[in-house]
Amino acid sequence: MAKRGGFPGMGMPGNMNNLMKQAQKMQRQMEENQKALEEKSFTATAGGGAVEVTVSGKREVTGVKLSEEVVDPDDIEMLEDLIVAATNEALRKVEEETTAVMSKLTGGLGGLGGGLPF
């Protein structure tokens with residue numbers, strides 16, 4: 001009796017091909033999702049909206065808006081802190097969305113990806 005495909009002794013002809021096709025499909029979907037995320041913008045505020053920072057999905061700051069009342073030459077440190085806080089919040093939003101999208105794609109397979117940043 002002749003065996004078809006697969007590995008000798010495995011008794012699962014063609015399963016390896018199916019597994020490879022699924023892995024390639026998942027990789028394409030991950031790349032598409034990553035590209036879509038990179039095109040998004042994430043905005044966060046600090047100081048009750050006095051500072052607004054916008055970050056791209058590529059984790060690049062694309063905009064900063066300041067209210068006039070927050071620009072106090074005698075208190076530059078507070079303004080710096082507010083910018084840092086808003087930037088970190090916007091970056092957290094990027095990370096949160098990236099994790100959510102990739103979790104949906106991998107179906108919660110925790111170890112998949114070997115520690116890739118998504």
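Worth a mention:
- Lone unmet requirement of (1) loosely packed, with under 14 Cβ neighbours inside 10 Å; (2) more than 29 Å from residue 33 (Cβ to Cβ) for residue 62: (2)
- Restricting segment 91-110 to residues that are part of a loop (DSSP other than H, G, I, E, B) and within 21 Å of residue 32 (Cβ to Cβ), the residue that is modelled with the highest pLDDT: 107
- Taking segment 44-67 as the range and being within 26 Å of residue 99 (Cβ to Cβ), over 16 Å from the mean Cα position of the chain (by Cα) and not small (Gly, Ala, Ser) as the test, the residues that pass are 45, 51, 52, 53, 62, 64.
The values are calculated or read from the model by the stated rules, or taken from the named source; none is laboratory data. The structure presented is a predicted model; accordingly, all values stated were derived computationally and were not measured. Note that each Cβ is placed from the backbone with ideal geometry, even for glycine, and that neighbours are counted across all protein chains shown.
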